[in-house]
Amino acid sequence: MTGQLFFYNKLQLLFPFFLSCNKANKLSSMDSSQGSSAATSTLQKIVIPNSNNEKLVGLLHDTGSTEIVVLCHGCLSNKNDPIIKYVAAAIEKEGISAFRFDFSGNGESEGSFYFGNYNYEADDLRSVIQYFTNMNRVVPIILGHSKGGNVVLVYASKYHDISSVINLTGYSDMKKDLVRRLGENYLERIKQQGFIDAREEWRNIKVIDYRVTKESLMERLNTNMHEICLKIDKECRVLTVYGSADEVIPLEDAKAFEKIIPNHKLEIVEGADHCYHEHLSQLATTVMEFIKTVIVNN
C-alpha cells in the first residue's frame with residue numbers, strides 16, 4: 001500500500017465526529033452523565049504499537065474490572081465518534097472497563113488512511129487485544145460500528161480468541177454504498193486513472209475530501225463477508241444490531257448475517273438511522289443486555 005496518496009485531514013482536529021453521527025453538544029452531555037455514576041473509574045490515554053510499529057492511540061475507561069470491551073469506529077471516523085463514546089460510557093456505568101481507540105491513519109494514531117484496509121485494521125485490533133492480555137486483562141467482547149462492524153467480524157474469523165462480537169450496522173455486501181460514495185461507473189474511472197477523489201457530505205455540508213486508490217477499492221471489493229462469517233467459530237456469539245431506518249446500509253444486510261452466522265442474534269432498533277440519532281439510549285440498552293450476559297457467563 002506504499003505510495004498511496006490521500007486527502008485526509010486528521011478528523012480529530014477538524015471533524016471530531018463522523019458524518020451524520022455529528023450531534024456533539026447533545027451527546028457529550030449525555031455520555032458525561034452516564035459515566036458519572038461509575039465513581040471509581042478513570043479515563044486513561046494509552047498508546048499501543050501495532051505490528052508495523054505505528055502508534056495506536058486510545059482511551060481506556062478503567063473501572064478496575066478484569067474484563068475490557070474494545071470498541072472500534074467506522075470509516076473516516078475515530079475513537080470520539082458519538083456512538084462509540086456513548087456506548088463506552090454505558091459500559092463504564094455498569095462497572096465494566098471499555099477501550100476505544102483510533103485505527104492506524106485515523107484520529108491521533110500514526111499511519112496512513114486507506115479506504116479498504118479491513119485486514120490491516122483487524123491486525124490493529126489484534127495488537128490492542130494482545131496488549132491488554134499481556135497486562136493480565138481479558139477482552140471477551142469486541143464491538144464495531146459500520147466499517148468497524150466488519151473489522152470485528154474479520155478479526156473473529158482470523159484469530160478465534162474472542163468469545164463474543166457485536167456488529168453495529170456492518171455491511172454484508174461490500175459493493176453496497178459505493179455509488180453514493182464514488183459516483184456512477186466508479187470501476188471504469190478508477191481503472192483509467194488509478195484513483196478517485198471522493199467527498200463525504202451530510203445535508204450538503206462538506207465534511208472531508210479523500211482519495212480512494214484502485215488498490216484500496218479492490219481490497220474492499222475482494223473482502224467477501226459471506227466467506228469471512230463462515231470462518232467464525234460456532235462457539236463465538238455474534239450480536240448484530242441495525243436500525244430499521246438505516247439510510248446507509250439496508251436492513252437486508254442484517255438479515256444476511258443472520259442466515260450465515262450460526263451463533264447469531266439479530267436486534268432491530270425501530271426507527272433508528274445509521275448513527276442512531278434519537279435512539280442511542282435504546283442502542284446502549286440492547287448492547288448492555290448482551291454484554292452483561294456474556295460477562296456473567298464467563
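Below is a table of values for the structure above.
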| item | result |
| --- | --- |
| Per-pair calculated FRET efficiency, R0 = 41 Å: Glu227 and Gln192 via Cβ, rounded to 0.05 | 0.90 |
| Rounded Å value of the spacing that divides the Cα centres of the stretch 256-298 and the stretch 192-247 | 20 |
| Using a Förster distance of 25 Å, the FRET efficiency for Lys176-Ser112 (Cβ separation, nearest 0.05) | 0.50 |
| Separation in nanometres of the label points that stand 7 Å from Cα toward Cβ, at Ile268 and Ser281 | 2.3 |
| Distance between modelled label sites at Thr66 and Arg199, nm, 7 Å Cα→Cβ extension | 5.4 |
| Equivalent ellipsoid semi-axes, the stretch 35-117, via Cα gyration tensor eigenvalues times 5, rooted, Å | 24, 13, 9 |
| Protection-proxy order for peptides 234-240, 246-252, 137-143, each taking the mean of Cβ atoms within 10 Å per residue, highest first | 137-143, 234-240, 246-252 |
| Under the Debye formula (equal points on every Cα, no solvent term), log10 I(q)/I(0) of the stretch 160-234 at q = 0.15 Å⁻¹ | -0.67 |
| Volume of the Cα convex hull of the stretch 221-268, divided per residue and given in Å³ | 67 |
| Cα convex hull of the stretch 79-221 - mean projected area over all directions, nm² | 9.8 |
| Segment Lys158-Asn119, extension gain: residue separation times 0.36 nm, minus the distance between their alpha carbons | 13.1 nm |
| 20 Å Cα-Cα reach of Lys265 towards aspartates and glutamates, excluding residues that sit fewer than 8 places from it in its own chain | Asp161, Asp173, Glu227, Asp233, Glu235, Asp246, Glu252, Asp253, Asp273, Glu289 |
| Members of Lys45/Lys259; Lys234/Lys292; Lys45/Lys175 lying beyond 31 Å, as alpha-carbon distances in this model show | Lys45/Lys259; Lys45/Lys175 |
| Radius, Kirkwood style, for the stretch 11-292 when every pair of distinct Cα atoms is counted (Å) | 18.8 |
| For q = 0.09, 0.14, 0.19 Å⁻¹, Debye-computed log10 I/I(0) when each Cα of the stretch 140-290 counts as one equal scatterer | -0.31, -0.73, -1.17 |
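Here, each number is a calculation from the coordinates, and none is a lab measurement. In this text, all values refer to a predicted model and were calculated from it rather than measured experimentally. Don't worry about glycine lacking a Cβ; one is built from the backbone with ideal geometry, like all the others, and counts go over all protein chains shown.
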